[in-house]
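Asks: Before I ask anything, let me first share the structure, which is written out below as structure tokens.
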Amino acid sequence: MVKAAMTEGLADARNNVTNELLTLYRLWASNGLGLMLTGNVQIDRAHLERPGNIVVDDQTDMEALKRLAVVGTEHGNQFWAQLNHTGRQTPASVNPRPYAPSGISLPVAEAVCGEAREMPESEIKRVISLFASSARLCQAAGFTGVQIHGAHGYLISQFLSPLANKREDQWGGSLENRARLLIETVRAVRAAVGADFPVSVKLNSADFQRGGFDEGESARVVGWLNDEAVDLLEISGGNYEQMEMVGIGSDGPRAAAASTVAREAYFLDYARHIRPLFSNPLMITGGMRSAAAINAALAAKECDLIGIGRPLCIDPQSAGQLIQGEIDRMPALDTKLAMRSDALGPDVEPATFKRIESFALLGWYCVQLLRVGRGQGADVGMDVFDALLAYKANEERAAAEWSGASR
């Protein structure tokens, strides 16, 4: 079992590790998990997923980063830093003109994210070098591996998508060209950290958008990654427009196939399809809650590791309790959480309501992480719309502090 990557939002105004982050990871590290992944460690200060992200670069407080690595490994488990560049999914409060493969802004969040501008090739090469240098710094700090985030609509995922990438040079067009950033990043990171340091990739099974990066293209990329020095492949799916990674599509919580309901995993069917294509360990994240479902997937050798995320926001100790047999299922509030039907007033369009509700559900879990890191404990009775407002207020405060510290 793996603690999956989840954005924490608990870094300070200069994007360094805080005592709140140490508290959060100290709780998770005591669970008996074999591996923990950080959430959204950024390689570029001008492209953050949110102002409270950790950034690892030449301005990083390395002593604080080392303290996090110590906390995350003190029980003998692996602790890997997930490295990311957000591209066009950068909030406008951080960067009003973020780089992207092409000048195509994110339609569903154009009021929140900056206006995308096409990256010159020099910037693409700089991004590759930033991934490598951040990986090297994480290794020096004491992390035991790194993960390259190539999913969920962030920069590498944007390059893979024919909807976001309309380039006509060697970085766009054919799948080989669209995958070039990912492959070159893997090679640069491997060269930076050496042969024996674990390097992972997180990849979408699909973007779940018509005309986007689909399962067929994803399977071809998996085959190429198998020829690279990738030690672990994590499968996920979706992006800000289609949030399949948390079981939410454009029409709200999606009705999963019967096999998925029975096995509790969003991406298990795809994992079974690509299992022969990748020779190293394969990890799936999304939906797994019960010991029975986890054991069945592992026993069938459909995957090698199971990523757990949202239950650890509600109860940081639940993974350890499941491993020890004290409980047979971790908390699963996903099917019960919903925004009040009158929260947005009587005249809101159903599609608009569903879209805002999707972000409100994400915000609800983000607020729980903030509470746990600050020593307050989760509030499972929190209203979803109230959580959205609390999350928005927190992000506005963090953005103001970050902006002040960046001047």
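The values are calculated or read from the model by the stated rules, or taken from the named source; none is laboratory data. Since we're looking at a predicted model, the values are computed, not measured. Quick reminder, even Gly has a Cβ in these numbers, built from the backbone with ideal geometry, and neighbours come from all protein chains shown. Quick note on the areas: whole protein, heavy atoms, side chains included, nothing else; ligands and nucleic acids left out. Shrake-Rupley method; radii C 1.70, N 1.55, O 1.52, S 1.80 Å.
Asks: Can you spot a residue in region 326-334 that is closer than 29 Å to residue 282 by Cα, crowded, with 19+ Cβ neighbours inside 10 Å and among the basic types (Lys, Arg)?
Replies: no
Asks: Give region 225-234 a look and list any residue that's over 20 Å from the mean Cα position of the chain (by Cα) and part of a loop (DSSP other than H, G, I, E, B), or say none.
Replies: Within region 225-234, 227, 228, 229 meet the criteria.
Asks: Return yes or no: is residue 312 in contact (Cβ under 8 Å) with a residue 60 or more places away in the chain and within 16 Å of residue 288 (Cβ to Cβ)?
Replies: yes
Asks: Next question. Restricting attention to region 210-224, which residues are of a type outside the set (Ser, Thr, Tyr), under 18 Å from residue 158 (Cβ atoms), in a helix (DSSP H, G or I) and open to solvent by less than 10 Å² (accessible area, probe 1.4 Å)?
Replies: 221
Asks: I would also like to ask the following. What is the one condition in (1) under 28 Å from residue 38 (Cβ atoms); (2) part of a helix (DSSP H, G or I); (3) open to solvent by 60 Å² or more (accessible area, probe 1.4 Å); (4) out of contact with any helix residue (DSSP H, G or I) (no Cβ under 8 Å at 6 or more places or on another chain) that residue 376 does not satisfy?
Replies: Only one criterion in (1) under 28 Å from residue 38 (Cβ atoms); (2) part of a helix (DSSP H, G or I); (3) open to solvent by 60 Å² or more (accessible area, probe 1.4 Å); (4) out of contact with any helix residue (DSSP H, G or I) (no Cβ under 8 Å at 6 or more places or on another chain) is unmet by residue 376, namely (2).
Asks: Yes or no: residue 69 in contact with a Ser or Thr (Cβ under 9 Å, 6 or more places away or on another chain), open to solvent by less than 10 Å² (accessible area, probe 1.4 Å) and within 30 Å of residue 294 (Cα to Cα)?
Replies: The answer is yes for residue 69.
Asks: Taking region 150-207 as the region of interest, how many residues are assigned to a strand (DSSP E or B) and either basic (Lys, Arg) or surrounded by fewer than 20 Cβ atoms within 10 Å (Cβ to Cβ) (or both)?
Replies: Of the residues in that region, 1 qualify.
Asks: Is there any pair linking a residue in region 390-405 that is open to solvent by 50 Å² or more (accessible area, probe 1.4 Å) to one that is outside any helix (DSSP H, G or I), with Cβ under 6 Å and at least six apart or on different chains, and which?
Replies: Filtered contacts from region 390-405: 401/13.
Asks: Looking at region 361-383, is at least one residue over 17 Å from residue 311 (Cβ atoms) and of a type in the set (Ser, Thr, Tyr)?
Replies: The answer is no; no qualifying residue exists.
Asks: Right, here's the next one. Does any residue of region 336-355 turn out to be under 17 Å from residue 392 (Cβ atoms), open to solvent by 40 Å² or more (accessible area, probe 1.4 Å), part of a loop (DSSP other than H, G, I, E, B) and not hydrophobic (A, V, I, L, M, F, W, C)?
Replies: So far as region 336-355 goes, yes, one or more of its residues are under 17 Å from residue 392 (Cβ atoms), open to solvent by 40 Å² or more (accessible area, probe 1.4 Å), part of a loop (DSSP other than H, G, I, E, B) and not hydrophobic (A, V, I, L, M, F, W, C).
Asks: Let me ask you something else. Inspect all residues belonging to region 84-97 and state whether any of them is open to solvent by 40 Å² or more (accessible area, probe 1.4 Å), at pLDDT below 95 and either within 30 Å of residue 296 (Cβ to Cβ) or assigned to a strand (DSSP E or B) (or both).
Replies: No: zero hits.
Asks: Being open to solvent by 50 Å² or more (accessible area, probe 1.4 Å) and of a type in the set (Ser, Thr, Tyr) narrows it down to one of 129, 105, so name that one.
Replies: Step by step, each of 129, 105 is checked, and only 129 is open to solvent by 50 Å² or more (accessible area, probe 1.4 Å) and of a type in the set (Ser, Thr, Tyr).
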